[in-house]
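This report concerns only the one structure given below.
The values are calculated or read from the model by the stated rules, or taken from the named source; none is laboratory data. Not measured: the values here are computed from a predicted model. Positions of Cβ are backbone-derived with ideal geometry, glycine not excepted, and every protein chain shown enters the neighbour counts.
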Amino acid sequence: MKHLLKLIQSENYVYWTRRRDGSDVLRDIFWTHHDSIKLLNMFHFVLICDNTYKTDKYRLPLLEIFGVTSTGLTFSVAFAYFEQERQENFIWAFEKVRDLFVSKNLIPKVIVTDRVLAMMNAIHIVFPTSINLLCPLYIEKKIGTKCKQYITNDRQYEVMDLWKKIVYSTSVEEFDHHLQHFELVCADIITFVDYVKDSWFKPYKERFVVAWTNRVMHFGNTTTNRIESAHWRLKYMLQINNGDLCKSWDAVNMMLKNQMCIIKSSFQKTISIVDNVYTSPFYQRLHHFVSRTCLKNIDEQLKRVKMVGIDKIKCGCSIRTTHGLPCACELAYLQISATLIPLDTIHIFWRKLNMEHELEHEESLSQYDFLEELEAMKAYMKTQDIAGQIIFKAKVRELVFSHTTLKRPPHDKVKINGAIKNNKKRK
């Protein structure tokens, strides 16, 4: 454990740990990189969270938190190993994420997860104003499993097709229509219908049905697919899943370094290169100021102009709400008036193209704030008896001189909530 914490500190990471009560055995560990903190404060709008398993010999569940850049790339915000997947563990981790923001105003607008109740409850407590979307693909797998239990093979495709139509309804009226059709088709399997309605639509439809998620600015991130891909990359780098925590950390560190190189390169390409597709004067004011992903989204809306025109009803204008970009009817108005696309019609998210982007309220991290806390620490020391002073000093030394820590990893494999396949020999 001493070696792990020394590695974490030497590679410019920030970390927190918790111990089991009355012992030096590690309970939870949370860490993040300085570059991740920069990106988090730049792209704080959407976070994607999920747990992965079997990354170390202790079988500790690993919480991975990711964000998305203006160039459409995924970056690691933070990682946390938990002893248990309980609400208070998630609260502890999300509180650490909250402490990484340079301003109280910079909180995630949207957090995408699977339906993990302990995680969802923790998000509601730590980020009460954030919108917690649920991955529709995760829910579809759950529905598919139930569908196989209740419905014969020849009807399963039809039922799952109806499910998708409900989920991807773009209006409440369309949602109600498809749901009624679903109930009619499945009238003879009322148990399945009740499961779908009571377990998913009634409590969560606002979190995954398009008719409601289109009202949220999520920049196109409504699934946990990105994080599943990151899980795969991490496990590929690990090669084996029975290594110690240092081995796991090495893989995470390598993955993060690769991420940062790719992200920086994507920023540089956007600033220096203009794709032939976007050389039209209509995009002139956006060149070198917005990401390629942004231009691609606008181009898709531009292709709809012939069909939509200036009709807002036909347009739907959802991309203005979900992505902060001009929709087809807005672009039609600009074309009619022979106006180039103004830069100020593009959400600030798409205009951040530099790792050194000036953060809001950086003065909140000034030396004066830190001096105030140092004075508070001195005052606190004076209120403690000799035993309290020894404990407080030991905690400070543990933070500053991490290589001297007495913390130890768990002795045994821990029990987790994630499903573990039985290792049965095939005949």
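Figures for the structure shown
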| read-out | value |
| --- | --- |
| Residue match in the range 84-103 (condition: of a type in the set (Ser, Thr, Tyr), at pLDDT below 95, within 30 Å of residue 218 (Cα to Cα) and crowded, with 18+ Cβ neighbours inside 10 Å) | no |
| Among (1) surrounded by fewer than 17 Cβ atoms within 10 Å (Cβ to Cβ); (2) in a helix (DSSP H, G or I) - the single one residue 211 does not satisfy | (1) |
| Complete set of residues in the range 160-174 that are among the aliphatic types (A, V, I, L, M) and farther than 13 Å from residue 205 by Cα | 160, 162 |
| The range 175-208, residues that are farther than 18 Å from residue 114 by Cβ, surrounded by fewer than 16 Cβ atoms within 10 Å (Cβ to Cβ) and of a type outside the set (A, V, I, L, M) | 176, 177, 180, 181, 183, 188, 191, 194, 197, 198, 202 |
| Residue ranges of helices (runs of 4 or more DSSP H) in the range 95-191 with at least 2 members free of Cβ contacts under 8 Å to residues at least 60 places away in the same chain and among the polar types (S, T, N, Q) | 136-150, 153-167 |
| Residue 122 being in the same structural domain as residue 263 (by TED's automatic domain parsing) and within 22 Å of residue 248 (Cα to Cα) | no |
| Hits in the range 1-37 - residues which are farther than 30 Å from residue 107 by Cβ and either in a strand (DSSP E or B) or at pLDDT 85 or above (or both) | 25 |
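A quick yes/no check of all residues on (1) surrounded by fewer than 16 Cβ atoms within 10 Å (Cβ to Cβ); (2) without any contact (Cβ under 8 Å) to a residue 40 or more places away in the chain:
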{"site": "263", "(1), (2)": "no, no"}
{"site": "268", "(1), (2)": "yes, yes"}
{"site": "272", "(1), (2)": "yes, yes"}
{"site": "285", "(1), (2)": "no, no"}
{"site": "301", "(1), (2)": "no, yes"}
{"site": "304", "(1), (2)": "no, yes"}
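Residue-wise test of (1) under 22 Å from residue 346 (Cβ atoms); (2) among the small types (Gly, Ala, Ser); (3) surrounded by fewer than 19 Cβ atoms within 10 Å (Cβ to Cβ).
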{"position": "33", "(1), (2), (3)": "no, no, no"}
{"position": "39", "(1), (2), (3)": "yes, no, no"}
{"position": "46", "(1), (2), (3)": "yes, no, no"}
{"position": "51", "(1), (2), (3)": "no, no, no"}
{"position": "60", "(1), (2), (3)": "no, no, no"}
{"position": "64", "(1), (2), (3)": "no, no, no"}
{"position": "70", "(1), (2), (3)": "yes, yes, no"}
